[in-house]
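Working notes, beginning with the structure itself.
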Amino acid sequence: MMSNDTKTTDANISDDRFRGKTIIITGAGGNFGRCGCLYFARRGANVAAMDNNESALNETLLEVADAVGSDANIRAYPCDVTDPASVEGTVETIYVDFGRRIDMLWNNAGYQGQIRPTLEYDPSDFARVMNINVTGMFVVLQSVARRMASQRDDKSGGVRNGCVSHPFSIVNTASVAALRGTPAMVAYASSKAAILAMTVSTAKDLAPHGIRVNAISPALIGPGVLWTRQNELHASSGSPYFSSDPEQVAKDKIGG
Ligand SMILES: NC(=O)c1ccc[n+]([C@@H]2O[C@H](COP(=O)([O-])OP(=O)(O)OC[C@H]3O[C@@H](n4cnc5c(N)ncnc54)[C@H](O)[C@@H]3O)[C@@H](O)[C@H]2O)c1
């Protein structure tokens, strides 16, 4: 994905609403996460960039410094979301580093697993996908939400004059794979469906604490390296739902 975020794409939305807010972005070394870091740093937010790939994280920091300059307030936090102790320690460090305030979380780290039909899918890879995409996401969400809940000024459980106010926001990255049941991606589709259920359930639990929880379900984004790589993987999966020719896979996906 190109990081070509421009102000013209969202000219009608106030850029100022994120100024001074603190956001944690997981998967910040990856395609979406890096774009998110750029987006929020450009708008004056404090960005805590988390990823278990330290070199990718450093590239994100360089790209943000290049694009935004010394105004950017972004720091890198190497962390594996499958290690609860590391997540808890990292979130506490971020909380302290940014003045005991976390306003937003983009819970975005993910692993797509093998591209293999169900009969051949390796159960240990299934477990790995679930551990990163579901358990890892939950552990980050819980750790951040605990701090958000503790930040509320009033102790009324978020209910004021009968209305619930929601100053904090969590967004989980799911996928259209959860809705479509993409063939040869059983672990990934299952994990993303679990994320949708996690989102609805945690949204209810956290609403009284002033925390909104939503999910986004992107489709595969192309053209570009992601689109090409995914079509190659689908073509070589052995699934009868995909042509063995990556170019034909691409044409079939867009109805060509
Ligand atoms: N790219 C797409 O077309 C697409 C479509 C739908 C949903 N998504 C989802 O969007 C999110 C981001 O996708 P992307 O395209 O940027 O992928 P990406 O592979 O470029 O980035 C994912 C990032 O997550 C990090 N990560 C993986 N395991 C981790 C762990 N255990 N701890 C910490 N970080 C870890 C990786 O190091 C990587 O930097 C993922 O959740 C993905 O499933 C992507």
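Here are some notes:
- In the range 112-133, the residues that are open to solvent by less than 30 Å² (accessible area, probe 1.4 Å) and out of contact with any His (no Cβ under 7 Å at 6 or more places or on another chain): GLY113, PRO117, TYR121, ASP125, VAL129, ASN133
- Considering each residue of the range 69-82 in turn, none proves to be touching a residue at least 60 places away in the same chain (Cβ under 8 Å), within 15 Å of the ligand (Cβ to nearest atom) and among the aliphatic types (A, V, I, L, M).
- Of all residues making up the range 197-250, the number that are within 18 Å of the chain's Cα centre (by Cα), within 12 Å of the ligand (Cβ to nearest atom) and aliphatic (A, V, I, L, M): 6
- Residues of the range 112-125 that are within 16 Å of the ligand (Cβ to nearest atom) and in contact (Cβ under 8 Å) with a residue 24 or more places away in the chain: GLN112, GLY113, GLN114, ILE115, ASP125.
- Per-region count, the range 17-29, residues at pLDDT below 95 and more than 15 Å from MET104 (Cα to Cα): 0
- Cβ-Cβ under 8 Å pairs, at least 6 apart or on other chains, the range 208-225 side open to solvent by 70 Å² or more (accessible area, probe 1.4 Å), far side small (Gly, Ala, Ser) and part of a strand (DSSP E or B): ARG212/SER169; ASN214/SER169
- Screening the candidates ALA72, ALA109, ALA76 for the property of being crowded, with 18+ Cβ neighbours inside 10 Å and at pLDDT below 95 yields one hit, ALA72.
- So ASP66, is it without any contact (Cβ under 8 Å) to a residue 12 or more places away in the chain, more than 10 Å from the ligand (Cβ to nearest atom) and open to solvent by 20 Å² or more (accessible area, probe 1.4 Å): yes
- Residue check, LYS192 closer than 25 Å to GLY36 by Cα and of a type outside the set (Asp, Glu): yes
The values are calculated or read from the model by the stated rules, or taken from the named source; none is laboratory data. Remember, predicted model here, so these are calculated numbers, not experimental data. Every residue, glycine among them, receives a Cβ derived from its backbone with ideal geometry; neighbour counts consider all protein chains shown. Heads up: the accessible areas ignore ligands, DNA and RNA and are worked out on the full protein's heavy atoms, side chains in. Shrake-Rupley method; radii C 1.70, N 1.55, O 1.52, S 1.80 Å.
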